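Heads up: the structure comes next, in structure tokens.
Every number here is computed from the coordinates shown, using simple stated rules; none is lab data. Being a predicted model, the structure only gives us computed values, none of them experimental. Neighbour counts run over all protein chains shown; Cβ positions are idealised from the backbone, glycine included.
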Amino acid sequence: MDKFQQKKEEIKNAGMKMFAAYGYYKTTLEDIAGVMGMKKNSLYYYFESKDALFKEIIKCEMQTHLEQQNIILLKKISAEDKTVEIVKNFISFIRERSVKFTIRIKSYLEIVKVIKNSRADFDNSECNILSEVLEEGIKNGEFKKINSKQFADDVKMTVESIINNNYIISDAEFVHEINFDEISQSILRIVKFLIEGIKIQDK
């Protein structure tokens, strides 16, 4: 790793700590520069804005999550169990990052817009992994023949809709104050119901 990339990593690590400590909107580039012992203008050599830095951090977080999902993909378990594990891991990813970056509910949708392009690639990769599991289930006789990509998209949309709806109706200030245990149970009940609809019943 050259000096430029090493410094970028150091800034990302400092930014991650600041976002985690003070939240996305309270953290400024001045804060991060201060922690790094740099001038604010020097940070622009590495990142053009706070949004750019945050996007880079989230991109790394997403990549780590996708690596975890791929580990599940390789497990020697049924396609049904893999599907449930992948959904559980996705819920945990949202929950853990919400706690890590101290995100206010009213700021959540604005942050989603900030990371829109990175999120699109992430969503596509997430759905591809789930689609691959469904194809595996079709091939080994667990699942009926379905449009695996569409089903994967529907599952992901269902998960996100339930989570977002809970954000909207909640009186909590921060995302991490939401009762994710109840949300998780609700999501898994629905996902298991959806899986029942595509299972070959004599298996």
(message) Every residue in the range 14-39 that is buried (at least 16 other Cβ atoms within 10 Å of the Cβ) and of a type in the set (S, T, N, Q), please.
(response) Thr27
(request) Looking only at the range 1-13, count how many residues are aliphatic (A, V, I, L, M) and surrounded by 13 or more Cβ atoms within 10 Å (Cβ to Cβ). (result) 1
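Quick check on the range 58-74. Is at least one of its residues part of a loop (DSSP other than H, G, I, E, B) and of a type outside the set (Val, Ile, Thr)?
Checked against the condition, which is being part of a loop (DSSP other than H, G, I, E, B) and of a type outside the set (Val, Ile, Thr), the range 58-74 yields at least one hit.
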